[in-house]
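For reference, the structure discussed in these notes is given below.
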Amino acid sequence: MPESVANLETDGRKILETRSIDYIPDAERHGSLFSQFTLWLSANLQVTAIITGALAVVLGGDVFWSLIALLAGQLVGGTVMALHGAQGPQLGLPQMISSRVQFGVYGAAIPIVLVCIMYVGFSASGTVLAGQATAQLLNVSDTSGICLFAVLIVVLTLLGYRSIHFVGRIASVIGVLAFVFMFAQLFTHHDIGALLANRHFSIASFLLSMSLSASWQIAFGPYVADYSRYLPHSTSPLRTFLAVGLGSVIGAQAAMVFGVFAAALAGHAFAHHEVAYIVSLGASGAVAAMLYFSIAFGKLTVTTLNAYGSFMSMATIVSAFRAKRAISTHHRFLYIIGMVGISTLVALAGRHSFLKEFTAFILFLLAFFTPWSAINLVDFYCFTRSRYDVPALSNPDGRYGRWNAKAIGIYVLGVLVQMPFISTSFYTGPFVDALGGTDISWILGLIVPGVLYYAAMRLTPPVIPERLILPVEQD
């Protein structure tokens with residue numbers, strides 16, 4: 001059990017979350033599927049998703065086919081992401097600690113270290129954009145805006161699960177209102193029909209756009225169950241899948257559609273002035289100030305998710321080697337400060353070259369998360385089906401062992417098989433040119449390790465518990 005701490009309470013409910021990577025017992029389960037929908041809607045109705053959609057045009061695609069490719073990627077990536085989210089209520093565990101079932105208590109640290117890098121990168125990129133909006137709103141420098149935003153992230157992350165969902169509900173309302181207004185302005189003052197009429201299909205551009213949105217969704221996979229694990233155990237997995245998936249796909253597609261139009265209208269004026277240009281499409285004066293506020297507030301939800309996820313990942317790594325199920329409030333504070341501090345420094349150092357570096361970052365990350373997703377999902381839905389031994393997740397000498405060489409080997413192979421097909425600004429595989437510049441690495445990253453893991457499990461089936469074994473059953 002987590003250590004006893006003095007917590008602020010409202011209506012008998014703790015404001016400051018004290019649980020971390022430990023199992024959430026039924027007595028503490030709460031929440032609704034609507035809260036899942038609003039959380040993921042707000043996490044995607046934000047400026048970084050706009051930028052991601054804009055990249056489809058910035059990198060050479062036309063408007064019409066970019067919109068279709070982005071939607072296709074949303075559906076594929078959103079399915080993977082939502083399948084992870086549906087695990088939360090069934091297991092009552094954060095996402096990455098469940099990886100110990102597949103990789104071993106120590107072995108799970110391998111993908112989790114990469115997850116931490118992802119959190120730093122996404123937090124930094126979000127902090128750059130939110131810092132720009134905060135700076136414009138308060139009439140301060142970008143540096144000051146970034147630092148002020150980072151302080152808010154620390155506070156909200158420390159408060160934890162309930163507060164994150166509460167802010168998500170508010171952010172979803174603000175986000176919907178802001179996007180309705182911006183789309184109305186866009187359609188009123190610009191010839192969208194002319195943009196859609198310019199159609200030049202390219203398989204390379206189509207797959208690049210699809211990769212952008214698929215990678216956006218799949219990148220949520222390592223922490224999506226962190227935010228559904230408090231739901232009652234009786235919550236329908238299908239309804240959880242739909243609530244999480246629809247919120248994420250609808251929010252991301254709406255934002256990316258706006259980004260496609262914005263980039264097509266802006267041309268070269270978009271780079272380095274992303275936030276200012278997006279707001280200029282909508283309004284000026286007092287209304288512009290409100291849009292800057294909506295952008296900053298919209299980034300608050302998803303950047304907090306990244307900070308909270310980084311804390312959970314660090315706690316998972318450390319606890320594996322200390323055989324602990326819970327993390328003290330003191331250590332929680334240190335982890336959060338450390339991870340937010342690192343992402344803030346990265347944001348300050350890279351704010352002037354954000355667009356180019358962010359493109360390379362999100363595409364290259366996909367190579368390391370698709371194999372993990374494939375292995376985790378195949379294991380959960382085809383074999384274990386939530387029949388986990390929860391106490392053994394903290395016992396290196398238990399059922400799952402220290403290292404699972406089979407899963408780790410398949411994971412490494414799943415990463416390596418993608419390398420010849422990756423195309424980014426800092427690394428291009430040898431087979432990319434032969435495919436006309438098309439990056440198909442993430443497709444192989446899902447299929448190859450998924451098929452190999454399924455075959456390996458069929459050949460040498462593990463001993464799986466007959467039901468979910470809870471910590472209290474070991475006392």
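Could you grab the pairs with beta carbons closer than 7 Å, sequence gap of 6+ or different chains, first residue in the range 292-306 and at positive phi, second one at pLDDT 80 or above and crowded, with 24+ Cβ neighbours inside 10 Å?
Pairs found: none.
Cβ-Cβ under 8 Å, sequence separation 6+ or interchain: first residue in the range 137-159 and farther than 18 Å from GLY350 by Cβ, partner at pLDDT 85 or above and not in a helix (DSSP H, G or I). Which pairs?
Within 8 Å, the pairs are LEU148/VAL140.
Results for (1) of a type in the set (Ser, Thr, Tyr); (2) over 21 Å from MET290 (Cβ atoms); (3) not in a helix (DSSP H, G or I), shown as yes or no for each residue.
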residue: SER144; (1), (2), (3): yes, no, no
residue: PHE149; (1), (2), (3): no, no, no
residue: LEU158; (1), (2), (3): no, yes, no
residue: SER163; (1), (2), (3): yes, yes, no
residue: ARG169; (1), (2), (3): no, no, no
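Where residues in the range 177-196 are touching a helix residue (DSSP H, G or I) at 6+ places or on another chain (Cβ under 8 Å) and aliphatic (A, V, I, L, M), which of them is farthest from PHE261 (Cα to Cα)?
Among residues in the range 177-196 that are touching a helix residue (DSSP H, G or I) at 6+ places or on another chain (Cβ under 8 Å) and aliphatic (A, V, I, L, M), the one farthest from PHE261 (Cα to Cα) is LEU177.
Given the condition hydrophobic (A, V, I, L, M, F, W, C), over 15 Å from GLN36 (Cβ atoms) and modelled with pLDDT of 85 or more, answer yes or no: does some residue in the range 264-286 qualify?
Yes: one or more hits.
Return a yes/no flag: does the range 389-410 have any residue that is assigned to a loop (DSSP other than H, G, I, E, B), modelled with pLDDT under 85 and not hydroxyl-bearing (Ser, Thr, Tyr).
no
Identify all residues within the range 81-100 that are surrounded by fewer than 24 Cβ atoms within 10 Å (Cβ to Cβ) and under 16 Å from the mean Cα position of the chain (by Cα); write none if there are none.
LEU83
When THR460 is evaluated against the numbered criteria (1) loosely packed, with under 15 Cβ neighbours inside 10 Å; (2) of a type in the set (S, T, N, Q); (3) without any contact (Cβ under 8 Å) to a residue 40 or more places away in the chain, which criterion, by number, is the only one it fails?
The number of the failed condition is (3).
Considering only the range 406-423, how many residues are of a type in the set (Ser, Thr, Tyr) and farther than 25 Å from LEU207 by Cα?
0
Select from the range 411-440 the residues that are at pLDDT 90 or above and assigned to a helix (DSSP H, G or I) and list them in ascending order.
The answer is TYR411, VAL412, LEU413, GLY414, VAL415, LEU416, MET419, PRO420.
Among the residues of the range 233-246, are any of a type outside the set (Val, Ile, Thr), part of a helix (DSSP H, G or I), buried (at least 21 other Cβ atoms within 10 Å of the Cβ) and modelled with pLDDT under 85?
no
When only residues in the range 17-52 that are within 18 Å of THR127 (Cα to Cα) and not hydrophobic (A, V, I, L, M, F, W, C) count, which is nearest to the chain's Cα centre (by Cα)?
ASN44
Restricting attention to the range 395-421, which residues are touching a Leu at 6+ places or on another chain (Cβ under 9 Å) and within 14 Å of LEU446 (Cα to Cα)?
Selection gives ILE410, LEU413, GLY414, VAL417, GLN418, PHE421.
Tell me whether the range 318-335 contains one or more residues that are among the small types (Gly, Ala, Ser), part of a helix (DSSP H, G or I) and modelled with pLDDT under 85.
Looking through the range 318-335, at least one residue is among the small types (Gly, Ala, Ser), part of a helix (DSSP H, G or I) and modelled with pLDDT under 85.
May I ask you to verify whether ILE97 is touching a Ser or Thr at 6+ places or on another chain (Cβ under 7 Å), touching a residue at least 60 places away in the same chain (Cβ under 8 Å) and within 24 Å of VAL244 (Cβ to Cβ)?
Judged against the criteria, ILE97 is a match.
Residue under question is TYR119, and the condition is that it be in contact with a helix residue (DSSP H, G or I) (Cβ under 9 Å, 6 or more places away or on another chain), modelled with pLDDT under 85, surrounded by fewer than 24 Cβ atoms within 10 Å (Cβ to Cβ) and aromatic (Phe, Trp, Tyr); does it hold?
Against the criterion (in contact with a helix residue (DSSP H, G or I) (Cβ under 9 Å, 6 or more places away or on another chain), modelled with pLDDT under 85, surrounded by fewer than 24 Cβ atoms within 10 Å (Cβ to Cβ) and aromatic (Phe, Trp, Tyr)), TYR119 does not qualify.
Quick one: which of VAL257, VAL249 is surrounded by 23 or more Cβ atoms within 10 Å (Cβ to Cβ), assigned to a helix (DSSP H, G or I) and modelled with pLDDT of 85 or more?
Residue meeting the stated conditions: VAL249.
Does any residue of the range 423-445 turn out to be within 20 Å of ALA109 (Cβ to Cβ) and of a type in the set (Val, Ile, Thr)?
No; the residues of the range 423-445 include none that is within 20 Å of ALA109 (Cβ to Cβ) and of a type in the set (Val, Ile, Thr).
Looking at the range 7-18, can you tell me whether even one residue there is among the small types (Gly, Ala, Ser) and either under 20 Å from SER98 (Cβ atoms) or at pLDDT 80 or above (or both)?
no
The values are calculated or read from the model by the stated rules, or taken from the named source; none is laboratory data. The model shown is predicted, which means the values in this text are computed figures rather than measured ones. So basically every Cβ, Gly included, is an ideal-geometry build from the backbone, and we count neighbours across all protein chains shown.
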